[in-house]
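Undergrad: One structure follows; several queries about it will come next.
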Amino acid sequence: MFGTSWHIGRIFGIPLRIHISWFLVFALVVWSLARYYFPAVLSQSPLWEYWVLGVVAALLLFASVLVHELGHCLVALRYRIPIAQITLFIFGGMAQIRREAPTPKAEFLIAIAGPIVSVGVGLCFWLLAALPRAPLELTAVSEHLRNINLVLAIFNLVPGYPLDGGRVLRAALWAWSKNFHKATRQAARAGQGFAVLLMLFGAWDMVAGLAIGGVWFLLIGAFLYTAAHNTHRQVAFQESLMGLRVGDVMTPEVVVLEAGMTLDEAVNNYFLRFGYGGFPVVDNGRLVGVLSLKEIKAIPRYRWGTLTVGEVMAPHSLQAEIHPDEPITAAMERMIHDDRSRLVVRDGGRVLGLVTRSGIARFLDLRQR
Ligand SMILES: [Zn+2]
């Protein structure tokens, strides 16, 4: 997500961030509660109390959003799916889960956990609101949060991806058709449909004169539409990668550097001549590392005549090599995870070539034409 956000702590080891747009919606919620809701239900109270209760209720609202997201995260963690972070922003919360669920059942449980938590929190506030002889303020705040949590659960259960209900739908379609990508596309299409309905409703609201509510529905609709649309595109991208192996995409690289050669020789005779960003390095025919422009740039020019390739290269590790039969997605994941731009393709003792980020991008670009 673009724009500034701040890290404010960790819960169960998951980083928690607040996006700048959160403050806008926080102020809006406090204002509308203090200005309309509390004066209506607590007509005898002083003005300052409306504002204090407004702040308390708004903080509890965001705590409710947070525990909803934690519901998703804790189930995901049980399936050993790492969570990048939880971000609170203008439309609520977003848990960034690093990997897709391994099975339809896991997908279903991760998706449904959030609404279940919201229903549970709603019931707790319902009990608080129903307490006999409770202070009026407690009852007023509890009734509001009871409603909010139930709305949160119901809205999220709408069966359009990326809402929770859309994920439930995807899990069902996935279990039914055994095709994850197809299920995602269908659930995303349902999400786009719902988003269009929301935007139409918002436009109608604005015409009817409910400006703030209308703008709100328009914004949420636009946000959901974009998210569903991006999912659609991402699926198309992943499908274009399916079935591709490292061997199909690699640059067959017969040119290697000798560990004993100086950097000057490597730059003049290889980097400048072939125009590649990196080369495998061998010593007596044995693969010992990779030398790329990144390492060379870190060395001052005047030392290029004395330092050897073997002294400067990134030493070879198993992490830096991949078998030609591995799927291309595995190579991409590895490069992103380890922040490498190339992997050595090796079959047994033989170096077959290199697979690079730019090479994959070029390959896909050409294939999509
Ligand atoms: Zn959710």
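Any read-out appearing in this document is the output of simple, stated calculations on the displayed coordinates, not a laboratory observation. Fair warning: this is a prediction, and the values are worked out from it, not measured in the lab. Every residue, glycine among them, receives a Cβ derived from its backbone with ideal geometry; neighbour counts consider all protein chains shown.
Undergrad: Quick check: net charge around CYS124, other residues with Cβ under 14 Å of its Cβ, Lys/Arg +1 and Asp/Glu -1?
TA: Combined, the nearby Lys, Arg, Asp and Glu give 0.
Undergrad: Sticking with this one: Can you grab the distance from the C-alpha centre of the stretch 17-43 to the C-alpha centre of the stretch 168-222, Å, no decimals?
TA: One Cα centre to the other: 26 Å.
Undergrad: Express the Stokes-Einstein translational diffusion coefficient of the stretch 246-367 in µm² s⁻¹, to the nearest whole number, given a Kirkwood radius over alpha-carbon pairs, 10 °C and a viscosity of 1.306 mPa s.
TA: This corresponds to a translational diffusion coefficient of 108 µm²/s.
Undergrad: Could you tell me the distance between the Cα centroids of the stretch 305-346 and the stretch 122-156, to the nearest Å?
TA: 56
Undergrad: Just add up the charged neighbours of LYS182: K/R +1, D/E -1, any other residue whose Cβ is under 13 Å from the Cβ of LYS182.
TA: Every neighbour counted, the sum reads +3.
Undergrad: Here is a follow-up. Less than 14 Å Cβ to Cβ from LEU136, Lys/Arg counted +1 and Asp/Glu -1: what total charge do the surrounding residues give?
TA: -2
Undergrad: Any chance you could get the radius of gyration and Dmax over the Cα atoms of the stretch 270-335, in Å?
TA: Just the Cα atoms of the stretch 270-335 yield Rg and Dmax of 13.7, 42 Å.
Undergrad: Can you compute log10 of I(q)/I(0) for the stretch 46-89 with the Debye formula, treating each Cα as one identical point scatterer, at q = 0.21, 0.24, 0.31, 0.33 Å⁻¹?
TA: For the stretch 46-89, the Cα-only Debye profile gives -0.71, -0.81, -1.02, -1.07.
Undergrad: Apply the Karplus parameterisation 6.51 cos²θ - 1.76 cosθ + 1.60, with θ equal to phi minus 60°, to every residue of the stretch 188-195 and state each ³J(HN,Hα) to the nearest whole Hz, in sequence, with x for glycine and proline.
TA: For the stretch 188-195, the Karplus-derived couplings read 5, 5, 4, x, 5, x, 5, 4 Hz, x marking Gly and Pro.
Undergrad: Using only Cα atoms and rounding to the nearest 10 degrees, what angle (0 to 90) does helix 20-32 make with the longest principal axis of the chain?
TA: The two axes meet at around 0 degrees.
Undergrad: What is the distance, in nm, between label points placed 7 Å from the Cα along the Cα-to-Cβ direction at PHE223 and at ALA314?
TA: Result for the modelled spin labels: 3.8 nm.
Undergrad: Please compute the Kirkwood hydrodynamic radius over the chain, one decimal place, Å, based on all pairs of different Cα atoms.
TA: 24.6
Undergrad: Follow-up. For the Cα atoms of the chain, what angle does the longest principal axis make with the long axis of helix 357-367, in degrees from 0 to 90, nearest 10?
TA: With both axes taken from Cα atoms, the answer is about 80 degrees.
Undergrad: Moving on. If you line up the long axis of helix 136-156 against the longest principal axis of the chain, both from Cα atoms, how many degrees apart are they, to the nearest 10?
TA: It works out to around 50 degrees.
Undergrad: Quick one: which residues, 5 or more positions from TRP304 or on another chain, have an amide H under 5 Å from its amide H? H modelled 1.01 Å from N in the peptide plane, none for Pro or chain starts.
TA: Correct list: empty.
Undergrad: Taking the Cα centre of the chain as origin, sum charge times position over the Cβ atoms of Lys and Arg (+1) and Asp and Glu (-1), and report the length of that vector in debye to the nearest 20.
TA: The calculated dipole for the chain is roughly 400 debye.
Undergrad: At a Cα cut-off below 12 Å, give the aspartates and glutamates reachable from LYS182, other chains included and same-chain residues fewer than 8 away excluded.
TA: LYS182 reaches GLU239.
Undergrad: What value, in deg cm²/dmol to 500, does the helix sum -39500 (n - 2.57) over DSSP H runs of n ≥ 4 give at 222 nm once divided by the residues of the chain?
TA: Taken over the chain, the calculation gives -18500 deg cm²/dmol.
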